[in-house]
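Participant: Pasting a structure below so you can have a look.
The values are calculated or read from the model by the stated rules, or taken from the named source; none is laboratory data. This one's a predicted model, so the numbers in the text were calculated from it and none came from an experiment. Here the Cβ is made from the backbone with ideal geometry for all residues, glycine too, and neighbour counts use every protein chain on show.
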Amino acid sequence: MGLTAERKAYLEKLCQKFRRDVVDTLYGIQTGHPGGSLSVCEILTALYFEKARVDSADPQKPDRDRVVLCKGHAAPMLYRVLAERGFFPVEEMKTLRRLNTRLQGHPSAEHTPGVDLSTGPLGAGLSAALGMALGLRLSKTGARVYAILGDGDVNEGMVWEACMSAVKFKADNLVAIYDWNKVQLDGRSADIMPQGDVPAKFKAFGWRCLSCDGHDIEALCEAIDKANDPDGRPVVILADTVKGKGVSFMEGQNAWHGKAIDEASYKRAAAELEGD
Amino acid sequence: MAKAIREAYGEALVKYGRGNPDVVVLDADVSGSTRSALFQAACPERFFNVGVAEANMAAMGAGFASVGKIPFINTFAAFIVTLGLLPARIFGSYSNLNVKFMGAYGGLSDAYDGPSHHSIEDVAIMRALPNFRVYTASDATLTDWLVRHAIESKGPMYVRLSRDVFPSVYGPGTVFEDGKGKVLREGKDAAIVACGVMVGLALDAAKELAAEGIEAAVIDMFTIKPLDAELLLEFARSAGAIVTAEEHSVIGGLGGAVAEALVAEQACVPVGFVGLADCHTECGSYAELLKKYQLDAPAIAAKVRETVAKKRSAL
């Protein structure tokens, strides 16, 4: 089940390209969210290139796995990964957030091939993912649902309502991956809304709790494999990440949550993301 | 005695949902009140009680819809359109998912629980959401059809139900159509456009008015969105005076919808609005509340007299 060295190197190279392209796109359009997009890069890559059973030739296939980007503002990285996976042309990235685009500011299942659920308002994604998981179980498809949470997202009470419900309904085909970069729009999560002992909270609700380095593609794949060995409980993977990962001056900085990239910053970022 | 709307609803869920594996029913710890518990007894594997977590329930319902299920999402109207509004907006309205928001205990029907539990603005809220269709049950027969319609017709819907017994206005087997109001009584002097419990009361008012020589038509505009503008214009032309009657605020509900439709077509006839006058209510028996807040047959009749007088003085 493990990645070959060759495959691992390939995926790491893909991630480097995705980061560079997303920074390019966001600089080009002068709007959008760099911090969270760079943070979620390996999580989305691990899902769409290794673990999630999806088919770009048949995006609506009923028994496909579902991916819900609860932290919808990281849409630029989702779109870049989907494009690479063949859901739409990579060139379309430059239309992001422009009038008449299929690539809306936040993910829209109505507009974009490959997007399973529209998100944007935080907090509602995990509940919807749970409904998907239970519906797919009723249909006996064996499909799995991956929900990607963020720091701001888990401030919302609905996330914890979903946590209770997922345990009650034994949704062991639901995997939450927490892109846990510990920064939100206004500052460090510890300052804006301290989260306390996050693993203990999930465990107290009855979830199976796994942890990994959220920028180590191999570790992510291993964690997802473990999560996909169901035991009657929903699973959360606490993916330790860095907001703005890969661009030194954006790393850990809430200021880069949703700031347009100026020319000087772009040149620095591009230089850092250039080589391998 | 006619059947309570909630009984008719619970029975219809079982009747139409039992044999359809796509139907799933969610409730937020009020299944005994909404009567979704009847479905739980019939199909426990497709029933999900999420506890008192309405927002989570509404979003879960959307998840079910996104994988091809037909979710009936149940709680009191006052809570489904408030706590359930964010999921309704992003998943139902924006994403056009096939969610069925069922507003139990509509209007003042949860009478003794008081204004915290009365829903007087639900239609206004849900009508403003693109893609959502909005209906009000006016008797048990229509309630049965609305459940069947919700299953058969794809798209997000809000249906206002009731705790109480409404007078029967339809015979069994009545045929209904989406977007088509029902003319229950003809009349040349005014048309009462009503919904919900006010339909039966409007028929009483029309009888009272007939004794005075005022012939008022009665229309059940159960399909508030899409509104039957064609029927409305026909009666604006033929009767020349319209009175709306609803167990809802006069702001943004049926009255608002009717006014918008008439003005859009320059059908500028006198219009009177029977509804809650931008106020909150209080607790009491349902009958007492309807009387105190002028949501009864005498109030409808008075508004018709006033509106007909305006029409005549304008001639």
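Participant: Take the residues in segment B:258-279 that are in contact (Cβ under 8 Å) with a residue 40 or more places away in the chain and either within 16 Å of residue B:226 (Cα to Cα) or β-branched (Val, Ile, Thr) (or both); name whichever of them is surrounded by the most Cβ atoms within 10 Å (Cβ to Cβ).
Facilitator: Applying the first criterion (in contact (Cβ under 8 Å) with a residue 40 or more places away in the chain) to segment B:258-279 yields B:258, B:269-270, B:274, B:276.
Going one step further and asking which of them are either within 16 Å of residue B:226 (Cα to Cα) or β-branched (Val, Ile, Thr) (or both), we end up with B:258, B:269, B:274.
Working: B:258: 25, B:269: 19, B:274: 28.
Checking each candidate, the answer is B:274.
Participant: Scan B:299, B:267, B:287 and give me the residue that is part of a helix (DSSP H, G or I) and over 14 Å from residue B:192 (Cα atoms).
Facilitator: After ruling out the rest, the residue left standing is B:287.
Participant: Among the residues of segment A:219-261, what is the count of those that are under 16 Å from residue A:74 (Cα atoms) and free of Cβ contacts under 8 Å to residues at least 24 places away in the same chain?
Facilitator: Summing the residues that are under 16 Å from residue A:74 (Cα atoms) and free of Cβ contacts under 8 Å to residues at least 24 places away in the same chain in segment A:219-261 gives 2.
Participant: A further question on this structure: Which residues, counting only those in segment B:126-163, are farther than 18 Å from residue B:197 by Cβ and touching a Ser or Thr at 6+ places or on another chain (Cβ under 8 Å)?
Facilitator: B:129, B:130, B:131, B:132, B:133, B:156, listed by residue number.
Participant: Look through segment B:84-111, keep the residues that are out of contact with any strand residue (DSSP E or B) (no Cβ under 7 Å at 6 or more places or on another chain) and more than 27 Å from residue B:275 (Cβ to Cβ), and return whichever of them is surrounded by the most Cβ atoms within 10 Å (Cβ to Cβ).
Facilitator: Selected residue: B:87.
Matching residues to (1) among the aliphatic types (A, V, I, L, M); (2) under 22 Å from residue B:230 (Cα atoms); (3) assigned to a loop (DSSP other than H, G, I, E, B); (4) not assigned by TED's automatic domain parsing to the domain that holds residue B:10:
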| position | (1), (2), (3), (4) |
| --- | --- |
| B:131 | no, yes, yes, no |
| B:134 | yes, yes, no, no |
| B:142 | yes, yes, no, no |
| B:168 | no, no, yes, yes |
| B:171 | no, no, yes, yes |
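Participant: In segment B:74-81, is there at least one residue being under 20 Å from residue B:146 (Cα atoms), of a type in the set (Phe, Trp, Tyr) and more than 7 Å from chain A (Cβ to nearest Cβ)?
Facilitator: yes
Participant: Scan segment B:250-274 for residues that are under 22 Å from residue B:179 (Cα atoms) and of a type outside the set (A, V, I, L, M, F, W, C) and jot them down.
Facilitator: Across segment B:250-274, the qualifying residues are B:252, B:253, B:255, B:256, B:260, B:265, B:266.
Participant: Based on this model, can you work out whether residue A:254 counts as farther than 19 Å from residue A:157 by Cα, surrounded by 19 or more Cβ atoms within 10 Å (Cβ to Cβ) and within 14 Å of chain B (Cβ to nearest Cβ)? Spell out the reasoning first.
Facilitator: Numbers: farther than 19 Å from residue A:157 by Cα: yes; surrounded by 19 or more Cβ atoms within 10 Å (Cβ to Cβ): yes; within 14 Å of chain B (Cβ to nearest Cβ): no.
Taking the combined requirement at face value, the residue does not satisfy it.
Participant: Residue under question is residue B:147, and the condition is that it be of a type outside the set (Phe, Trp, Tyr), in contact with a Phe, Trp or Tyr (Cβ under 8 Å, 6 or more places away or on another chain) and assigned by TED's automatic domain parsing to the domain that holds residue B:218; does it hold?
Facilitator: In short, no.
Participant: Here's another thing I want to ask about it. Look at segment A:253-265 and say how many of its residues are more than 17 Å from the chain's Cα centre (by Cα) and under 13 Å from residue A:187 (Cβ atoms).
Facilitator: Here the count works out to 4.
Participant: OK, next. Determine whether segment A:56-67 contains at least one residue that is in a helix (DSSP H, G or I), in contact (Cβ under 8 Å) with a residue 60 or more places away in the chain and under 20 Å from residue A:148 (Cα atoms).
Facilitator: There is no residue in segment A:56-67 that is in a helix (DSSP H, G or I), in contact (Cβ under 8 Å) with a residue 60 or more places away in the chain and under 20 Å from residue A:148 (Cα atoms).
Participant: Condition test on residue B:100, is it free of Cβ contacts under 8 Å to residues at least 60 places away in the same chain and farther than 21 Å from residue B:5 by Cβ?
Facilitator: Taking the combined requirement at face value, the residue does not satisfy it.
Participant: Identify, by number, the condition in (1) outside any helix (DSSP H, G or I); (2) at pLDDT 95 or above; (3) out of contact with any His (no Cβ under 9 Å at 6 or more places or on another chain); (4) within 10 Å of chain B (Cβ to nearest Cβ) that residue A:141 doesn't meet.
Facilitator: Evaluating residue A:141 over (1) outside any helix (DSSP H, G or I); (2) at pLDDT 95 or above; (3) out of contact with any His (no Cβ under 9 Å at 6 or more places or on another chain); (4) within 10 Å of chain B (Cβ to nearest Cβ) leaves (2) as the failure.
Residue-by-condition table, conditions (1) more than 8 Å from chain B (Cβ to nearest Cβ); (2) in contact with a helix residue (DSSP H, G or I) (Cβ under 7 Å, 6 or more places away or on another chain):
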| residue | (1), (2) |
| --- | --- |
| A:106 | yes, yes |
| A:119 | no, yes |
| A:128 | no, yes |
| A:131 | no, yes |
| A:136 | no, no |
| A:148 | yes, yes |
| A:153 | yes, yes |
| A:163 | yes, yes |
| A:169 | no, yes |
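Participant: Do we find that residue B:111 is more than 13 Å from chain A (Cβ to nearest Cβ) and aliphatic (A, V, I, L, M) in this structure?
Facilitator: Numbers: more than 13 Å from chain A (Cβ to nearest Cβ): yes; aliphatic (A, V, I, L, M): yes.
Yes; evaluated as a whole, the condition is true for this residue.
Participant: Residue A:189: surrounded by 14 or more Cβ atoms within 10 Å (Cβ to Cβ), among the small types (Gly, Ala, Ser), over 26 Å from residue A:168 (Cβ atoms) and without any contact (Cβ under 8 Å) to a residue 60 or more places away in the chain, yes or no? Steps first, please.
Facilitator: Numbers: surrounded by 14 or more Cβ atoms within 10 Å (Cβ to Cβ): yes; among the small types (Gly, Ala, Ser): yes; over 26 Å from residue A:168 (Cβ atoms): yes; without any contact (Cβ under 8 Å) to a residue 60 or more places away in the chain: yes.
Here the answer is yes, as residue A:189 does meet what is asked.
Participant: What is the residue count in segment A:23-51 for residues that are under 23 Å from residue A:9 (Cβ atoms), assigned to a helix (DSSP H, G or I) and under 12 Å from the mean Cα position of the chain (by Cα)?
Facilitator: Result for segment A:23-51: 11.
Participant: Criterion first (at pLDDT 95 or above, in contact with a Pro (Cβ under 7 Å, 6 or more places away or on another chain) and away from chain A (no Cβ under 14 Å)) does residue B:136 satisfy it? Break it down stepwise before answering.
Facilitator: Details: at pLDDT 95 or above: yes; in contact with a Pro (Cβ under 7 Å, 6 or more places away or on another chain): no; away from chain A (no Cβ under 14 Å): yes.
No; evaluated as a whole, the condition is false for this residue.
Participant: Give me the residue from segment B:49-72 that is more than 7 Å from every other protein chain (Cβ to nearest Cβ), hydrophobic (A, V, I, L, M, F, W, C) and outside any helix (DSSP H, G or I) and, out of that set, nearest to the chain's Cα centre (by Cα).
Facilitator: Once the filter is applied, the top-ranked residue is B:72.
Participant: Hey, another quick one. For segment B:27-43, which residues satisfy the criterion of being within 12 Å of chain A (Cβ to nearest Cβ) and more than 17 Å from residue B:163 (Cα to Cα)?
Facilitator: Result: B:43, single match.
Participant: Against the condition surrounded by 17 or more Cβ atoms within 10 Å (Cβ to Cβ) and among the aromatic types (Phe, Trp, Tyr), how does residue A:48 come out, does it pass?
Facilitator: yes
Participant: Tell me, which strands (runs of 3 or more DSSP E) lie completely within segment B:204-263 with 2 or more residues that are under 13 Å from the mean Cα position of the chain (by Cα) and closer than 25 Å to residue B:293 by Cβ?
Facilitator: Answer list for segment B:204-263: B:223-225, B:242-249.
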